[in-house]
Amino acid sequence: MQLSSGTLQLGTPKQRTVLAMLATHPGQLVTVAELVDELWPEEPPRSAVPNVRTYAANLRRNFETVDAAAGVLVRQANGYRLRVERDQVDIHCFETEYRQARALFDEGLLDRAAEVLERAVGRWRGPMLAGVPVGPVLAARTAAAEDERLQATELLADAWVRTGREERAVPVLRELLALHPLRESAHLLLMRALHQRGDRAGAVAAYESARAALRRELGIEPAAELRLLRRAIDHADETSRADVAAPRQRRSTSGNAGAPRAEGARVGGGGWLPRPVTDFVGRDGAIERLLAETARVEASASVVHVIDGMAGSGKPKPGN
């Protein structure tokens with residue numbers, strides 16, 4: 001534990017657990033019974049109460065060796081109190097800042113929300129209470145704090161994406177998903193960020209990665225929001241291709257038949273319909289070849305034929 005004027009040695013694992021219980025309840029009385037339940041949740045030894053007293057006494061003596069910590073840990077009739085303010089404990093500062101940022105985000109003050117969230121998320125330098133044995137109270141406390149940290153990170157990435165700073169959001173989301181691959185909300189944000197910066201292939205790959213993880217670990221398909229965004233990305237891509245192709249598809253039927261007409265050019269006399277189709281070749285020959293090839297090898301192996309072609313080229317639909 002780092003103090004303004006020195007470093008405090010925390011002692012044995014169980015002694016660190018006692019301090020963790022006190023630090024997560026700053027200014028509050030933590031009873032000996034609560035400490036016993038946290039240290040030995042199933043079968044406390046007969047020496048449990050005197051052991052707790054020893055751990056607390058050792059911590060108090062350690063505090064006394066550092067001027068800034070003298071008198072911080074006090075004993076009361078049936079327990080102990082850590083005399084510090086909430087804003088002197090990182091986890092409580094984080095929680096306060098996260099609540100403030102959520103309120104700012106809801107009000108549409110995204111830049112301010114991102115600023116507060118950066119400070120809040122920056123307080124984390126690893127898992128909460130890493131290396132400290134935890135019982136039921138601290139286990140629940142660390143799980144809730146970790147979930148809030150993930151939510152705060154996602155909210156920060158969301159604020160960045162909404163304010164055009166997707167380049168900052170992408171690496172943060174990738175790092176989060178490397179540790180928590182089943183968080184669909186983070187996958188959704190990553191897809192949005194990649195698509196917004198023009199990386200359609202990356203956005204599609206992010207969707208496929210989410211889909212594979214959910215199928216592998218949970219046996220389920222992605223949630224509706226992910227599927228809708230995937231379809232929206234496809235639709236946006238198709239619309240973009242259509243817009244690019246549109247000028248090449250316009251043709252004139254005047255004397256210079258077949259020559260392309262420039263976008264927006266006017267042609268005398270009314271509107272023009274597309275040139276009529278003069279010929280259309282069937283696919284009987286191609287189908288016969290596919291069937292013959294299938295019959296040749298189907299006795300020894302499964303057969304898959306891949307048919308490729310641009311839209312409108314006459315590919316047979318499933319069932320045809």
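The values are calculated or read from the model by the stated rules, or taken from the named source; none is laboratory data. Everything quoted here is computed from the prediction, not taken from an experiment. Reconstructed Cβ throughout: ideal geometry from the backbone, glycine too, with neighbour counts over all protein chains shown. Side chains are part of the model used for accessible areas, which takes the heavy atoms of the whole protein and leaves out ligands, DNA and RNA. Shrake-Rupley method; radii C 1.70, N 1.55, O 1.52, S 1.80 Å.
Taking a spot 7 Å from the Cα of Ala236 along the direction of its beta carbon, which residues of region 178-222 have an amide N less than 11 Å from it? Counting backbone N atoms under 11 Å from the label point, the list is 191-201, 203-204. Model label points for Val74 and Glu208, set 7 angstrom from Cα along the Cα-to-Cβ axis, are 6.4 nm apart. Distance between the 7 Å Cα→Cβ label points at Arg119 and Gln9: 3.6 nm.
Overall size of region 1-145 from C-alpha positions, given as principal axis extents largest first: 57, 37, 27 Å. Solvent exposure of Glu184, expressed as accessible area, is near 50 Å², computed with a probe of 1.4 Å over the protein chains only.
Per-residue SASA remark: Trp124, around 40 Å² accessible (1.4 Å probe; ligands, DNA and RNA not included). Between Glu184 and Gln151, the simple label model (points 7 Å from Cα in the Cβ direction) yields a spacing of 1.8 nm.
Just reorder Asp90, Asp199 by solvent-accessible area, largest first, 1.4 Å probe, all chains present. Display every interim value, and only then the final one.
Values: Asp90 80, Asp199 50 Å².
The residues order as Asp90, Asp199, largest area first.
Rounded to the nearest 0.05, the FRET efficiency derived from the C-beta distance between Thr96 and Asn58 at R0 = 25 Å is 0.20.
Of the GluC sites (Glu not before Pro) found in region 82-111, those in coil by DSSP whose Cβ has at most 12 other Cβ atoms within 10 Å are Glu85, Glu107.
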